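Only the coordinates and a few stated rules stand behind these numbers; no lab work does. All of these numbers come straight from a predicted model, not from anything done at the bench. Heads up, the Cβs are rebuilt from the backbone with ideal geometry, glycines too, and the neighbour counts pull from every protein chain shown.
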Amino acid sequence: MTATVPARETHQRICDLTGLAPLHSDADGWFRQLFTAPLKADTDLVALKERIYNEYRIEVPLIDWNGYKLIRVSIQGYNSQKDVDALLSALRKLL
């Protein structure tokens, strides 16, 4: 399985989890392994980042940019579906 499929699926799953629309379309297939997804405006990024790492040992950039709260996910060759599922499970519990 290439990184393209998990990245697209993960992007959509995060948007489904937050209930927010994607920032961009994936219809053109322009992203392969890296994407940014929106988080709710009231998300405490510092606390979320700390809990994701301390409780789940997942390191993921959380960004406050131009009034948007964002998560930036990069799926590398060494990441498995299990890694992606762990991130989604953590987000589901913490958001």
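Treating r as the C-beta distance of residue 33 and residue 89 and R0 as 22 Å, the FRET efficiency rounds to 0.60. From helices alone, the chain scores -14000 deg cm²/dmol at 222 nm; the rule is -39500 (n - 2.57) for each run of n ≥ 4 DSSP H residues, then divide by the residue total. Measuring nothing but how far apart in sequence close Cα pairs (under 8 Å, 6+ apart) lie, relative to its length, the chain scores a relative contact order of 32 percent.
Once a ≥ b ≥ c are taken as the square roots of the eigenvalues of the Cα gyration tensor of the chain, is the result rounded (a/c under 1.5), prolate (a/b larger than b/c) or oblate (a/b not larger than b/c)? Oblate.
Ordering of 79-86, 33-40 by packing is 33-40, 79-86, highest average first (other Cβ atoms within 10 Å, averaged per residue).
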